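Notes to accompany the following structure.
Throughout, read-outs are computed from the coordinates displayed, never taken from laboratory work. Just so you know, these numbers come straight off a predicted model, no measurement behind them. Heads up, the Cβs are rebuilt from the backbone with ideal geometry, glycines too, and the neighbour counts pull from every protein chain shown.
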Amino acid sequence: MKPLEKFLKKPTSQLAGRAVAAGPGGGPGGRPGGGGGPPGGPRALQRRQSMSRLLLPAFLREPHSDQGLEPPAEEDQAELAGVAEDPGGGGPCWLQLDEVPGPLRSPSSYSSDELSPGEPLTSPPWAPLGAPERPEHLLDRVLERLTSGATRDSGASDILLDDIVLTHSLFLPTEKFLQALHQYFVQAGDLEDPEGLSRKQACLAMLLHFLDTYQGLLQEEESAGHIIKDLYLLIMKDESLYQDLREDTLRLHQLVETAELKIPEDSQPPSRQVKPLFRHFRRIDSCLQTRVAFRGSDEIFCRVYMPDHSYVTIRSRLSASVQDILGSVTEKLQYSEEPAGREETLILVAVASSGEKVLLQPNEDCVFTTLGINSHLFACTRDSYEALVPLPEEIQVSPGDTEIHRVEPEDVANHLTAFHWELFRCVHELEFVDYVFHGERGRRETANLELLLQRCSEVTHWVATEVLLCEALSKRAQLLKKFIKIAAICKQNQDLLSFYAVVMGLDNAAVSRLRLTWEKLPGKFKNLFRKFENLTDPCRNHKSYREVLSKMKPPVIPFVPLILKDLTFLHESSKTLVDGLVNLEKLHSVAEKVRTIRKYRSRPLCLDMEASPHHLQTKAYVRQFQVIDNQNLLFDLSYKLEANSQ
Amino acid sequence: MPEQSNDYRVAVFGAGGVGKSSLVLRFVKGTFRESYIPTVEDTYRQVISCDKSICTLQITDTTGSHQFPAMQRLSISKGHAFILVYSITSRQSLEELKPIYEQICEIKGDVDSIPIMLVGNKCDESPSREVQSSEAEALARSWKCAFMETSAKLNHNVKELFQELLNLEKRRTVSLQIDGKKSKQQKRKEKLKGKCVVM
């Protein structure tokens, strides 16, 4: 079972089911069994999600998903009609649908109904750009618009600019995009000519916005950096002519500098510190340091195990390919000097604590952040693949005097919020786009997003682990109470990620079956938890959660998996290119989603944390949980605690 | 700390570049390389006999840099026996062992019953020797530990080093020899030796 995958995939397949049902053949639309989705599936998400086991029990409950995903037909019709009645606001309706003809079948109308009732697929505020464009010409068209329209409605132009910069990778690789921009600038015409000048201004605006959005990410894209440098030099050549643009050119200087593109051919950039990836390298003092974003070129330490559970720690780029990793391992183990018979090539395998194995392909890269919580990398020869066994569990049942029993729920909740805010802030806006639309562009790392998802799963398992490791019934009931309190405070902190994760942890089937424990819980807490369960209920596409979220003012930490789900819907429900023409409405909707994330983070989070005597100890505890992520083991523990609980 | 396995854990400490990994790899794999790859932390396992049954010798090869004090503390608290390596060509590397030894004393308390070997590696490079063996012997006496000079490159005293270390363990009987059967490693070595003779 791959819960996150299911979580993200299921409604999508449902959607596809409906599309088929609405077609000429008719037939039942619902597919309660799951599994009959489009064969392609959400490719991007399938990527390596299988290994990042995010347990989302609440989403997997059938009755809910049925309810949520199969709204009554009438409501459906009404929604669709609503969309059909509103032809004015949107861009030109040139979308061609390959599934079924007819205005009611517009893929975007599905999405507005199904994806996010709170946020229907919105029409762009900028006026239509005219006829649809091929990817390579779209940028020109947008720049023309900016040239002429900038003065008329700057708000709409800004959004158009933002839409294109955020989503350009969907239709044009970054490098090509910049080349096109460069070319446009060169061909813009003379500066004496007012039109030429405003064309160049439009280019400058686009470049500024691009740099502003990408910032540090550009260090990872060498070729893009070269084009930007060229363009920068071109612009600077006529610097004196931009009378009105002094501010802009100054900002350009700054941005190019932040992106570290200005480094003249110096010998070496300042050596960067090796960052330990905590999950697989946990006992490091630096866990207390504030997290900074990972980039693909960062060096990290990684343990690679052998079939006998010995291991080597290699130093590697975060973005290293499986081949590179194996190269380092081979070098360390001096396989080359072994007798010829041993010189068999090694394979790299990810082994989860449950024993599940995934063979990694040599050309895969950035594998570290996609591993499940207690998954480990193993290097072995092909014949020892079958015999690989997971590392022994590190945790033992405790009599009930561990850290969780000592800490105050307020402290834990606040540290959770603070840490998750750090992690959330490390995720670049574009990682959300890249994660979902992975298949359509070159590889770019989404490590920070993957780490956040991993952490979400970790918190969920932490809750279940702590409850199930506690042997004494009354203490266990106390723990339930404590976790419900923690969830409540997280919600108060507007940290819905931690809130969701804790509630899902308590909803783990191995925990929720502990009847005796739950019975000992005071009525007040039972009611509170029932409320929390309703809030995380996925029915009607997470209606209650979305309502609560919409009332919150930034800073907010949203439940990130849901954002990815929404983006996946946008992705799966309509094509990016139709007959080679770009679907601008889709680009706009994706950008809108990204802008909501921007909004959540638009204000800094300030928690009123008292420096309690155990402050650092609690902080360290919260930042590196030891958890059991093997569901079978969690069930075993559960049955040992309460055998006949049903 | 509850121990869930009956591993016998040996940790190897010393400054960067003194040959900790070379010693360990020579012992575990029988190989030697000239190139230098700084170690972060590697662990090798080998089957040995302990109190007449079989257990796993777990050798942790640590980093020579002082990047991760927490890892060093953990290796000490989990370790049963320690090898402190310096290079006979570097007095500095001997000096750097002192804080490590002190930390072992601090964490383990009573060091008398803990097997510790002071090892001067690279004894093949005696022309550039900076540390006389008499000097190291004196230090070993004051530390109440054993002393040996080795060469991972020439495979001099390497196996003896590990055997001697296990001999120092008085709380149980640990030995590299497994009665009755030989490890694959040994078999392969013998096979190789056989071939050498033929050649």
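Principal axis extents of the Cα atoms in the stretch A:474-608, from largest to smallest and rounded to whole angstrom, are 64, 35, 19. Averaging the sequence gap over all C-alpha pairs within less than 8 Å and six or more residues apart, then dividing by the number of residues, gives chain B a relative contact order of 24 percent. Among the trypsin sites (Lys or Arg not before Pro) within the stretch B:8-89, those in coil by DSSP and having at most 14 neighbouring Cβ atoms inside 10 Å are B:Lys52. Straightening the chain between A:Arg598 and A:Ala509 buys 28.5 nm, computed as 0.36 nm per residue apart minus the Cα-Cα spacing. Relative contact order for the stretch A:125-258: 25 percent, from Cα pairs under 8 Å spaced at least 6 residues apart, divided by residue count. For A:Tyr639 and A:Ile395, the FRET efficiency from 1/(1 + (r/R0)^6), where r spans their Cβ atoms and R0 equals 22 Å, is about 0.80.
Per the Debye calculation on the stretch A:284-394 with a single equal scatterer at every Cα and no solvent contribution, log₁₀ I(q)/I(0) for q = 0.09, 0.19, 0.21, 0.23 Å⁻¹ amounts to -0.24, -1.04, -1.23, -1.41.
With the simple model of a label 7 Å out from the Cα in the direction of the Cβ, A:His253 to A:Gln215 spans 2.1 nm. Of the three principal axes defined by the Cα atoms of chain B, the extents in descending order read 47, 46, 30 Å. Each part gets one Cα centre, and for the stretch A:496-551 versus the stretch A:558-623 those centres are 22 Å apart. Taking a ≥ b ≥ c as the square roots of the eigenvalues of the Cα gyration tensor, the stretch A:599-640 is classed as oblate, since a/c reaches at least 1.5 and a/b does not exceed b/c. The distance between label points at A:Lys229 and A:Leu288 comes to 4.2 nm (points 7 Å beyond Cα on the Cα→Cβ vector). Subtracting the Cα-Cα distance of A:Lys531 and A:Lys543 from their residue separation scaled by 0.36 nm leaves 2.9 nm. Mean sequence separation of contacting Cα pairs (under 8 Å, at least six apart), scaled by the length of the stretch A:284-394, corresponds to a relative contact order of 29 percent. Between B:Lys78 and B:Gln177, how high is the FRET efficiency from 1/(1 + (r/R0)^6) when r is the Cβ-Cβ distance and R₀ = 25 Å? Nearest 0.05. My answer for the efficiency is 0.50.
Multiplying the residue separation of A:Gln183 and A:Gln624 by 0.36 nm and subtracting their alpha-carbon distance yields 153.8 nm. When its C-alpha radius of gyration is set against 2.2 N^0.38 Å (N residues), the stretch A:125-258 gives a value of 0.99. Restricting the calculation to Cα atoms, the stretch A:378-532 shows an Rg/Rh of 1.06 when the hydrodynamic-style radius is the Kirkwood one.
A simple spin-label model places the labels of A:Met236 and B:Thr31 4.9 nm from each other, with each point 7 Å out along Cα-to-Cβ.
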